[in-house]
Every structure is written in C-alpha cells, then in structure tokens.
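Right, one structure below, let's go through it.
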Amino acid sequence: MVDIFDSIRGKVVLVTGGSRGIGKEISRHFHMYGAKVAINYNSSKEEALKLKQELGNNAEIYKADVSKREEVRRMVKEIEETLGKVNILVNNAGVMYAFPFEQYDEEKFNKMWDINFKGTLYTTLEVLPHMKENKGGVIINIASNAGIGTAFEGTTFYAISKAAVIMLTKRLAFELGKYGIRVNAIAPGWVETDMTIGGKSPEEIVKIEEFMKARTSLRMVGKPEYIAKFALFLAVADYLTGQVIVIDGGRLDNLTHSV
Ligand code: NAD
C-alpha cells in the first residue's frame, strides 16, 4: 500500500507556537509521520519541555518571540545547526484580543499585528534562503476564518491581522512558486484551545460549546486534531499553492464566503 505521507519522513518541520493548542497537535502529527520537529515556544517553556519528553527522539524545542526579528533569526540558525535546515514551516503562533470596535486598543492591536502577521513574515523570511537553494519547501500559515468574514463582535482587529496573513499567503505563493515552494493557509473556525476556553469553568465551556455547535453545519465543536490532519495533507499536496482552506465545520455566520 502507498503511504501518501511518506515524503514527510526525515523532513525538518518548524512549528511556531508548537507546544500548545493547534500547534501542539500539528507538532505531534508531523512527528508521528517521521518528521524531525522543531517546536518553537515563547513563554510556554513547561509545555514545550513536556511535549519534547512525550515525543522523544526527533523533537527539539526552541525559544523565540516570533514578533522579534532578531530572535527568529537566531532560532532558525539554531535549528539549522541542531536538527537541520527547515523544509516545512508551519506559521501557527498567534494571539487574539477581543474588544469593541469603538474601544480601539492600540497596544492590543499592535500585539496581534506583530505576532500574527509580522511573526509569520519574519519566520518565512528566515527559512526562505534554504528553501530556495533546495528548490523546494512548504509553508503553511494558520490564518482564521475571521480573516474571510465570520461575524463575531469584538474580533474586527484580530480578523484584520488574519486577513493580512491570507493575502501574504497568496502573494508568496505567486512569488515563490518558481522555486518549487508551495504556500497555503488554513483558516480554522472556532477550535477548543487555551485561546477560546482558557480560564473558563466546565459549565461555561459546555455553554460555549453548545453556542458554537449551533453555528456550524456539522453541529460539531472544532478540535486541534482536525486542523493538524489537514496540515499534514498540505505538506504532501504537490500541486496545491496559494489556497486558503477553511476548516470550520461549515460555519453558518459568514458575512462573506469569498476567499
Ligand atoms: P493557543 O493560545 O493555545 O496557542 C497559541 C500559541 O502561540 C501558543 O503556543 C503560544 O505560546 C504561541 N505564541 C503566542 N505568542 C507568541 C510569540 N510572540 N512567539 C512565539 N509563540 C507565540 O491558541 P490556538 O488556538 O492553538 O492558536 C493557534 C493558531 O490558530 C493561532 O494563530 C490562532 O490565531 C489560530 N486560530 C485559532 C482558532 C481557535 O478557535 N482556537 C481559530 C482560528 C485560528
């Protein structure tokens, strides 16, 4: 039987924000298929160490704040010297702050912009020289369905930062295709992680889950593994680039369905 994920074996995969939530599941899935996984973390050292322990060989952890270019540069150098040069980059690190449109909060917006957009840009810039030299590479950006127009009050500026990630995905696919580098994005819907249920009581979580189920065609709650499975597929989808794949259980509250 043909193993469609065979080409992942031995590849070096960098997952930013790879120790928690969606990133953690992506790290696990690539490791499961034989990749060498570079798990980036910023403040979650304990989670990163735990994950490294769980995965064992072929998993290393690297500290860097992706919104700081020098830190990203140093991290990628460190990865190259230890695990090897990056073949697959998953730009997953992100933050979300919700506040009403008219209470625009510059500090929070800047943080979302710097981590969600610039973090994606900086990490991409650092892995590109090797990918170009290697005449191939895969970049997977974790955007959000917020970036294409789901309706959730208070998330306008988060949505803007993710819309920028989506446009960066399309433009990079256009610019980098000639080097054999594929760039795609996943736009997840609501997924159960610290970002969405962190600090909530079990009763509150059940309420939120019911609310979110009612907003999807599938009447299901999003789980990190649904996103991770698709990230694996993107890594082997030879003829796919510049695409934004929405994984959201068929959300019913879109202002627009355009991508
Ligand atoms: P999470 O809070 O569990 O994980 C976010 C990860 O990013 C953490 O590991 C965190 O340490 C890391 N991170 C944050 N700032 C960082 C920085 N400056 N440098 C390096 N790492 C940093 O949330 P999650 O839900 O797993 O989010 C993962 C990605 O998925 C994010 O980009 C998020 O915007 C996106 N997303 C999440 C949802 C959802 O509903 N959970 C929906 C759509 C998109």
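Specify the residue that is farthest from A228 (Cα to Cα); the eligible residues are those in the range 77-95 that are of a type outside the set (G, A, S) and within 13 Å of the ligand (Cβ to nearest atom). Within the range 77-95, the match that is farthest from A228 (Cα to Cα) is V95.
Restricting attention to the range 116-141 and to residues that are open to solvent by less than 30 Å² (accessible area, probe 1.4 Å) and not in a helix (DSSP H, G or I), the residue that is farthest from the ligand (Cβ to nearest atom) turns out to be G136. Can you confirm whether E175 is closer than 28 Å to Y62 by Cβ and open to solvent by 40 Å² or more (accessible area, probe 1.4 Å)? Considered against the rule, which asks whether it is closer than 28 Å to Y62 by Cβ and open to solvent by 40 Å² or more (accessible area, probe 1.4 Å), E175 comes out as yes. Counting only helices (runs of 4 or more DSSP H) that fall entirely inside the range 12-100 and contain at least 2 residues that are in contact with a helix residue (DSSP H, G or I) (Cβ under 6 Å, 6 or more places away or on another chain) and open to solvent by 70 Å² or more (accessible area, probe 1.4 Å), the qualifying elements are 69-82. Looking across the range 142-151, just one residue is among the aliphatic types (A, V, I, L, M) and surrounded by fewer than 20 Cβ atoms within 10 Å (Cβ to Cβ), and that is A151.
Candidates G23, G17: the one that is within 7 Å of the ligand (Cβ to nearest atom) and within 25 Å of D3 (Cα to Cα) is G23.
What tally of residues in the range 152-162 results from selecting those that are among the charged types (D, E, K, R) and either surrounded by fewer than 19 Cβ atoms within 10 Å (Cβ to Cβ) or closer than 13 Å to T241 by Cβ (or both)? Number satisfying all stated conditions: 1.
Could you list, in sequence order, the residues of the range 236-248 that are under 21 Å from V191 (Cα atoms) and not in a loop (DSSP other than H, G, I, E, B)? Once the filter is applied, which keeps residues that are under 21 Å from V191 (Cα atoms) and not in a loop (DSSP other than H, G, I, E, B), the range 236-248 yields V244, I245, V246, I247. Just one residue in the set V183, V165, V206 is part of a helix (DSSP H, G or I) and open to solvent by less than 40 Å² (accessible area, probe 1.4 Å); that residue is V165.
Close contacts from the range 8-25, counting a first residue that is closer than 18 Å to I197 by Cα and a second that is part of a helix (DSSP H, G or I) and within 6 Å of the ligand (Cβ to nearest atom), with Cβ to Cβ under 7 Å and a gap of 6+ residues or different chains, come to G17/G23; R20/D194; G21/D194; G21/M195.
Only one entry in E46, E80 is farther than 19 Å from N141 by Cα and either among the small types (G, A, S) or free of Cβ contacts under 8 Å to residues at least 24 places away in the same chain (or both), namely E46. The set of residues from the range 244-256 being in contact with a strand residue (DSSP E or B) (Cβ under 8 Å, 6 or more places away or on another chain) and either of a type in the set (A, V, I, L, M) or touching a residue at least 60 places away in the same chain (Cβ under 8 Å) (or both) comprises V244, I245, V246, I247, D248, G249, R251, L252, D253, N254, L255.
The values are calculated or read from the model by the stated rules, or taken from the named source; none is laboratory data. Keep in mind it's a predicted model, so treat the numbers as computed, not measured. A quick note on method: Cβ atoms are made from the backbone with ideal geometry, for glycine too, and the neighbour counts reach across all protein chains shown. Calculation scope for accessible area: heavy atoms of the full protein, side chains included, ligands and nucleic acids excluded. Shrake-Rupley method; radii C 1.70, N 1.55, O 1.52, S 1.80 Å.
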